[in-house]
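Remarks on the structure that follows.
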Amino acid sequence: MKMLTNKFFDQDAQELARALLGKVLRHRVDGRWLSAMITETEAYYRNEKASHSSLGFTPKRRAMFMPPGTIYMYYARGGDSLNISVQGEGNAVLIKAARAWFDKISPPENLAIMQQMNPIGKDRRQRSPDRLCSGQTLLCRSLGLKVNDWDQKNFLADRFYIDDLGIVPERIVQTTRLGIPKGRDEHLPYRFIFLGVPHSLG
């Protein structure tokens, strides 16, 4: 395990958005580590209209004004969303998507747990492994991450952390962010995508 420290998060938002691709989120649920490799991120700055912090400080947005590495979670599209504060007050990176990850810490049998936590529809059909974490709210649901548990908190080695396995993306696509309303700096190319993501170490 090589847990990312607050020093790592003390970077420019775009630089960190790139650097987080290939890192692995690990959250402990009922004694088991559920994991997902980060495949997509978005950078946000206080001085641009798409950012929550551009609207000013509120208690709900407090994490964006806290030191780099502070977890910022909020409700989006009917679910929980994971962000991390970065260098510069009011700046942050959104974890947009990931891929379920299995290794010695998070063995393949944990897939069933993640699928149970994030089913499809009222009949609770199983979601395919590639789709479990394919959006910001799906990701949080599959890992059991909740606003009430983690907003304005720091990562903890025994509960929730980001692991550096030394995987460096060979190809990163930079493009515009998703879901930004017209007139709110939707043209800015602050979204980063890891192409060719491995499924596991084995």
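What are the pairs with Cβ atoms under 6 angstrom where one residue, in the range 112-126, is over 8 Å from SER142 (Cα atoms) and the other, located anywhere, is among the aliphatic types (A, V, I, L, M) and surrounded by fewer than 16 Cβ atoms within 10 Å (Cβ to Cβ)? Sequence gap at least six, or different chains.
Between residues of the range 112-126 that are over 8 Å from SER142 (Cα atoms) and residues that are among the aliphatic types (A, V, I, L, M) and surrounded by fewer than 16 Cβ atoms within 10 Å (Cβ to Cβ), there is no close pair.
What single numbered condition from (1) out of contact with any His (no Cβ under 6 Å at 6 or more places or on another chain); (2) under 16 Å from LEU34 (Cβ atoms); (3) touching a residue at least 60 places away in the same chain (Cβ under 8 Å) fails to hold for GLN152?
Only one criterion in (1) out of contact with any His (no Cβ under 6 Å at 6 or more places or on another chain); (2) under 16 Å from LEU34 (Cβ atoms); (3) touching a residue at least 60 places away in the same chain (Cβ under 8 Å) is unmet by GLN152, namely (2).
Scan the range 163-185 and give yes if some residue there is closer than 26 Å to GLY31 by Cβ and loosely packed, with under 13 Cβ neighbours inside 10 Å, otherwise no.
So far as the range 163-185 goes, no, none of its residues is closer than 26 Å to GLY31 by Cβ and loosely packed, with under 13 Cβ neighbours inside 10 Å.
Test of understanding: among ASP10, ASP30, which residue is within 19 Å of ILE71 (Cβ to Cβ) and over 16 Å from the mean Cα position of the chain (by Cα)?
ASP10
If I ask for residues that are in a loop (DSSP other than H, G, I, E, B) and surrounded by 15 or more Cβ atoms within 10 Å (Cβ to Cβ), which ones from the range 186-202 would you list?
Step one: filter the range 186-202 for residues in a loop (DSSP other than H, G, I, E, B), giving 186-190, 196-199, 201-202.
Listed by number, the residues that qualify are LEU188, TYR190, VAL197.
Give me the residue from the range 41-84 that is touching a residue at least 40 places away in the same chain (Cβ under 8 Å) and of a type in the set (Lys, Arg) and, out of that set, surrounded by the fewest Cβ atoms within 10 Å (Cβ to Cβ).
ARG77
Take the residues of the range 157-202 that are under 16 Å from the mean Cα position of the chain (by Cα) and of a type in the set (A, V, I, L, M, F, W, C): which is farthest from PRO108 (Cα to Cα)?
Taking the candidates together, the pick is LEU178.
Kindly indicate the residue of the range 20-40 that is crowded, with 19+ Cβ neighbours inside 10 Å and of a type in the set (Gly, Ala, Ser) and also farthest from THR175 (Cα to Cα) among those meeting that condition.
By that ranking, first place goes to SER35.
If you scan the range 101-123, which residues turn out to be surrounded by 13 or more Cβ atoms within 10 Å (Cβ to Cβ) and of a type in the set (Val, Ile, Thr)?
ILE105, ILE113 - these are the residues of the range 101-123 that are surrounded by 13 or more Cβ atoms within 10 Å (Cβ to Cβ) and of a type in the set (Val, Ile, Thr).
Each value in this text was obtained by applying a stated rule to the coordinates, not by laboratory testing. Nothing here was measured: the structure is a model prediction, and the numbers come from that model. Every residue, glycine as well, gets a Cβ built from its backbone with ideal geometry; the counts of neighbours run over all protein chains shown.
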